[in-house]
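J.: Could you have a look at this structure, given as structure tokens, before my questions?
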Amino acid sequence: MATNAINMSFRVDKNLKKQADELFKKLGLNTSVALNMFLSQSVREQSIPFIPTMNIPSEKLLKALKEVQDIEDEKITPKRYKTFEDALKDID
């Protein structure tokens, strides 16, 4: 770390911190290095290095995601089709 480094302190959700620590460890980093990377890239690009959005999933998407989860949890059996055309007919 640079000799002119300072300590920063901020609050973060305990579970989020744990998940971030685990992710960064898998990437060969620690949280401090990852946050320094984020700050450096933000300054270099003069913007947040990702696009913050207010996209809210549609009811149709939420329903589809729940169906996928139910299939994975074996709560429902996935539909089967003999042909691709049969599957397309079911989409409408």
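Only the coordinates and a few stated rules stand behind these numbers; no lab work does. Here the structure is a predicted model, which means the values were calculated and not measured. Methodologically, a virtual Cβ is constructed for each residue, glycine included, from the backbone with ideal geometry; neighbour enumeration extends over all protein chains shown.
J.: How large is ³J(HN,Hα) for each residue in region 18-29, as worked out from phi by the Karplus curve 6.51 cos²θ - 1.76 cosθ + 1.60 (θ = phi - 60°), to whole Hz, x for Gly and Pro?
T.: Result, rounded to whole Hz: 4, 5, 5, 4, 5, 4, 5, 4, 5, 8, x, 10.
J.: Size of the dipole of the chain about the Cα centre, Lys and Arg at +1 and Asp and Glu at -1 on the beta carbon, nothing else charged, in debye to 20?
T.: 380
J.: With r defined as the distance between the Cβ atoms of S42 and K18 and R0 fixed at 25 Å, what FRET efficiency is calculated, to the nearest 0.05?
T.: The value I calculate is 0.55.
J.: As an exercise, use a Förster radius of 30 Å and the Cβ-Cβ distance of L29 and K75 to find the FRET efficiency, rounded to the nearest 0.05.
T.: 0.20
J.: Among L16, P57, L39, flag the residue with its Cα farthest along the positive direction of the charge dipole of region 12-92, charges on Cβ as +1 for Lys/Arg and -1 for Asp/Glu.
T.: The residue sitting most towards the positive pole is L39.
J.: Specify the residue with the greatest mean-square fluctuation among K18, K82, K63, computed from a Gaussian network of the chain linking alpha-carbon atoms under 10 Å apart.
T.: Taking springs between Cα atoms under 10 Å, the residue moving most is K82.
J.: While we're looking at this one, here's another question. Take every Cα-Cα pair in the chain and report what % of them are more than 15 Å apart.
T.: Of all Cα-Cα distances in the chain, 79 percent exceed 15 Å.
J.: Please count, across region 1-71, the pairs of lysine residues with Cα atoms under 20 Å apart that sit 8 or more places apart or on different chains.
T.: Number of lysine pairs found: 5.
J.: Could you work out, for region 1-52, what percent of all Cα-Cα pairs fall into each 5 Å distance bin, beginning at 0 Å and stopping at the bin that holds the largest distance?
T.: 4, 16, 20, 26, 25, 9, 0
J.: A further question follows. If each DSSP helix of 4+ residues adds -39,500 (n - 2.57) and the sum is divided by the residues in the chain, what number results at 222 nm, nearest 500 deg cm²/dmol?
T.: That comes out to -17000 deg cm²/dmol.
J.: If I stretch the segment between I56 and A5 completely, what's the gain in nm (0.36 nm per residue apart, minus their alpha carbon distance), one decimal?
T.: 14.5 nm
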